[in-house]
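Shown next, in structure tokens, is the structure this report addresses.
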Amino acid sequence: MSSWLDYTINGLIVGNVYALVAVGLALIFGVSRLINFAQGSIYLVGAYIGWVAVVQLHTPLPLTIIVVAASAAVVGLIIERFGLRPLQNSVRIAPLLATIGISFVLDQLVMLTFSPNPRALPSQLPDVRFQVGGGTIGPLDLLIAGVGITSALLLFVFLRYSKLGWAVRATAQDRDAAMQMGVDVNRVNQAVFGIAAALGGVSGMLVGMYYNQIDTAMSLQATLKGVVAEVVGGAGNVPGAVVGSLLLGLVESYGVAVFGTSYRNLFAFLLLVVVLVLRPNGLFASARQAPPEPLTGTFIAPSRPVRIPRWALLAATGIFAILPLFPVSFYVLQTFINAWLLGMLALSLTLVAGTIGQVSLGHAALLAIGAYTSALLSLNFSVPVGLAVIGGGLMSAALGTALISPSFRLRGHYVSIATLAIGEIVSLVILNWESVTRGPIGISGIPPLSLFGYELISPTSIYWFSFAVMIVLALLQGRLLGSHLGRSFRAIRDDDIAARAYGLSLNRYKSLAFIFGGFAAGVSGGIAAHLYSYINHETFNTQQSILALTVVILGGLGNVVGAIVGSVALVGLPELFRIAAEYRILIYGIVLLLLVRFRPQGLLGTM
Amino acid sequence: MLSLRGLTRRFGGLTAVDAIDLDLARGELISIIGPNGAGKTTLFNLVTGLDRPDAGHVSFEGGDITGLSPERLAAEGIGRTFQLGRVFGNLSVMDNVLIGAHTRLRAVKPAVPVIGPLLELGLALLRPASVKLEEEKLREQVKAILARFGERLLPRIDQPAYSLSYANRRRVEIARALALKPRLLLLDEPTAGMNPTETAEMQTLVAELKAEGLTILLIEHKLEMVMRLSDRVIVMDEGRKIAEGPGEVVRNDPKVIEAYLGHGLSGTAEQESAA
């Protein structure tokens, strides 16, 4: 019984931490209808500033909190001023992509400054436990609870009684009306980002002290947890975010108590998906809202795609097809093989995110499904590798679409959250379903690629194989886009309400897009599995999803040739300039930010 | 053909559509007028399935269609345009109008349950002769529909809709609705933002459609056009139907004048109209 009380206390404390992140997300969503994917990065920055203050500067605790809150707030203000304000009149997808880019840049900067190894962040409080009823509670628990309650009270007073607080609430209710009445929306945004960042930073520091450990993986986890709590409470609803956070903390804590630690995140994401499907406006929203306001064709940047003449495409294809006949090094071939594999994933994502407008952030999960299916088919059932790869593609198409289908009824940024969560769920299921996936050990000894009984081992043959597969997938996709399905997908992206009024079933066409795209991604994952010969649950991670998204935006959303050009550019150029691996993700983040700001239609234009 | 009984929709404390009854016969054109916020567009949304009523029934051609999805209703032959011109911005004019014909695609939508979508995908990729032929025919039909707008749209057939003028977007919307071959057409302020010449063109077009026997429900603010085209006029205010009848009768109804000019001002209005 006593342990249950401990789990409850732990759940509430963790929930309190989530609340600090979620409240910031809710404030930002309230005033700018934006899910700030960089919130977790600010939390990470807060944790490391806390580490510098405690370990290097030996500041006393109250000063540490103030330093962390102030520096995090400055980071928040910089993000608002330089990352998001220039995008105010941009298309809906732009600020979302910008926060993703910012988050990668911040995470990488922290990683490059402090190294990715975990560090200890000692708590500055005495290590004693008080008996409370049947459980125990420490001073740090009390501090976290205290910070949570104090921030909630301060925020309440600010929103309720200060003039700027009124302006924030007015902007949240009706941005245009607030502007008409003379509210300085930029100041409101600044205030909100500053507050959200201060809360997020302090929260990161407290968590670091709570577990006495900080590392750069905290960022994505914090964003995910904050978003889950916020969405459960109802996006933009500040008190709802607090309740959602406490609920999430308890669900996780009890889940861990019953099933074990490795299931912690699974519960969080399942809670998210269940809430999104059953109550997409959160637990506390009234069931029926007024229909959303009409917004037409503003999802992607309008542009005329660059028309590349057929002969140029044929010539380029020809040159790449005969490339291995020239005296090129294995290293060059290897680089291009990576580009072709990424190209298949980008083809898949450009269809899903670009053509039908479902910005998937969990696309690596489709790779994982394809890879595991192909690996297991060839290992356990001795299926020839060529067929196993196709099996991986089909499984990814079927299972991937089924898993992502709960997100079909969602719109805009919610799709990104849901797909991100579904991607995490896939990775967690792979980790925990040991009887099939061999769990954390991963699958080793995957047979090499082979075709009709001939093993493809030389880089040249692998190059040709992956290039041919990618070209076939690209041609199929081009053919798809030229059919009535292409225009139906694009119509749904541009205006799903008008599309429905003309008889286009959203479920049907989103499913078809994911089936087609899932196949390409699954094939890419399958080929990768046989190339790597070893895969585990971390082989295909969120970084690859983001890399693919950057490729797709670089090439132009929905643009088939653009997806391939983007893959070659983002895989090839860093190799060409011999950029060290740890800087690459930083560069991807910066590329994404610059694209969103200066060329949202990408190199070859959106289709 | 279309009949509404006690149709009601509430948003929180506000009753946007309040117990509306309406009967529309085949070939009839009824206009719905009323001040902004009277609930006209919400009524359209209820009829076309984009919103669900809290109470009441909609029936179409004798069948109950209350709460059916917009996809189903489009397939039943209910076409509509939107108040704010919801064209597909990145699609060409041709593709926009082809989407209107979506429910009529036969060769690419095999009527097989469960695996229907997969067959549709397969046919779209393989494109046998029947599919190509159907697509060709549809493109010819689209050109014929666009020709009804004179030289307004045909020269811009391959341009993306976002590059069109506001008036042309409205025209594309109507062309898209016509491509559905609708049995019932709902037009939500087709002349909003149009100048007098363009309005007159639109009026001629709607008159032609009516003469061809199309059943039309029209929301319009330009009373001149309403009076000329309508068989009957329905006036809405604050969600309720406050008057119904031939245009001339409705126009002089004191309740209508009051609704338009604001409560308490109607006395002045009567004096003005007398003077």
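Since every read-out is calculated from the coordinates, none of them should be taken as a lab result. Here the structure is a predicted model, which means the values were calculated and not measured. Ideal geometry is used to build each Cβ from the backbone, glycine not excepted, and the neighbour counts take in all protein chains shown.
Mean sequence separation of contacting Cα pairs (under 8 Å, at least six apart), scaled by the length of segment A:142-267, corresponds to a relative contact order of 10 percent. The ratio of the alpha-carbon radius of gyration of segment A:19-128 to the globular-protein estimate 2.2 N^0.38 Å is 1.19. Its relative contact order, with pairs defined as Cα atoms under 8 Å and 6+ residues apart, puts chain B at 26 percent. Separation of segment B:70-144 and segment A:531-604, taken as the distance between their Cα centroids, equals 35 angstrom.
Taking the centroid of alpha carbons for each part, segment A:184-212 and segment A:386-412 are 37 Å apart. Scattering from segment B:90-163 was approximated by placing one identical point on each alpha carbon and applying the Debye formula without solvent; log10 I(q)/I(0) at 0.24 1/Å stands at -1.06. Beyond 31 Å, what share of the Cα-Cα pairs of segment A:2-278 remains, rounded to the nearest whole percent? Considering segment A:2-278, 24 percent of its Cα-Cα pairs are separated by more than 31 Å. Where in segment A:387-430 does the amide nitrogen come within less than 19 Å of the point 7 Å from the Cα of B:Leu119, taken along Cα to Cβ? Those under the cut-off are none; the list is empty.
Which of the trypsin sites (Lys or Arg not before Pro) found in segment B:1-55 are in a DSSP loop and have at most 15 neighbouring Cβ atoms, other than their own, within 10 Å?
Within segment B:1-55, the qualifying trypsin sites (Lys or Arg not before Pro) (loop, at most 15 other Cβ atoms within 10 Å) are B:Arg26.
Checked against a 27 Å cut-off, the cross-linked pairs B:Lys109/B:Lys137; B:Lys181/B:Lys241; B:Lys132/B:Lys181; B:Lys143/B:Lys210 give Cα-Cα distances beyond that limit for B:Lys181/B:Lys241.
The distance between label points at B:Lys132 and A:Ile579 comes to 4.6 nm (points 7 Å beyond Cα on the Cα→Cβ vector). Quick one: if the Förster radius is 45 Å, what FRET efficiency do A:Tyr534 and A:Phe598 give, using the C-beta to C-beta distance and rounding to 0.05? Efficiency, rounded to the nearest 0.05: 0.65. For the protein assembly as shown, DSSP calls about 65 percent of its internal beta bridges antiparallel. When you filter the GluC sites (Glu not before Pro) in segment B:136-175 for DSSP loop state and at most 13 other Cβ atoms inside 10 Å of their Cβ, you are left with B:Glu151.
Relative to the longest principal axis of the Cα atoms of chain A, helix A:506-532 runs at roughly 70 degrees. In degrees, nearest 10, range 0 to 90: what is the angle between the Cα axis of helix A:413-432 and the longest Cα principal axis of chain A? Result, in degrees: 80.
If Lys and Arg each add +1 and Asp and Glu each add -1, what is the summed charge of the other residues whose beta carbon sits under 10 Å from the beta carbon of B:Leu2?
Residues near B:Leu2 contribute -1 overall.
Every pair of different Cα atoms in the protein assembly as shown enters the Kirkwood calculation, which places the hydrodynamic radius at 29.6 Å. Per-residue ellipticity at 222 nm computed for chain A from its helices equals -22500 deg cm²/dmol, with DSSP H segments shorter than 4 residues left out and the rest contributing -39,500 (n - 2.57). Once the C-beta distance of A:Val52 and B:Glu61 is scaled by a Förster radius of 60 Å, the resulting FRET efficiency is 0.25 to the nearest 0.05. Computed from the C-alpha gyration tensor, the three semi-axes of the ellipsoid equivalent to segment A:208-288 are 23, 15, 11 Å, from longest to shortest. Each stretch of four or more DSSP H residues adds -39500 (n - 2.57); spread over every residue of chain B, this sum gives -12000 deg cm²/dmol at 222 nm.
For segment A:532-607, run through the GluC sites (Glu not before Pro) and keep only the ones in DSSP coil with at most 15 other Cβ atoms within 10 Å of their Cβ.
A:Glu538
For B:Glu71, what is the net charge nearby, where nearby means another residue's Cβ is under 9 Å from its Cβ and Lys, Arg count +1, Asp, Glu -1? Here the charged neighbours net out to +3.
Restricting the count to DSSP beta bridges whose residues both fall in chain B, what percent are antiparallel, rounded to a multiple of 5? Mind showing how you got there, number by number?
Numbers: 20 of 36 bridges.
Close to 55 percent.
Distance from the C-alpha centroid of segment B:194-259 to that of segment A:1-71: 60 Å, rounded to the whole angstrom. For segment A:329-541, the relative contact order works out to 43 percent when only alpha carbon pairs closer than 8 Å and six or more residues apart are counted. With R₀ set to 41 Å, the beta-carbon distance separating A:Gln543 from B:Gln159 gives a calculated FRET efficiency near 0.55.
Distance from a point 7 Å along Cα→Cβ of B:Asn36 to each backbone N in segment B:202-226: keep the residues under 16 Å and list them by number. Output list for this probe position: B:220-222.
Other residues with beta-carbon under 15 Å from the beta-carbon of A:Val14 carry, at +1 per Lys or Arg and -1 per Asp or Glu, a net charge of -1. Between the helical axis of A:330-349 and the longest alpha-carbon principal axis of chain A there is an angle of about 70 degrees.
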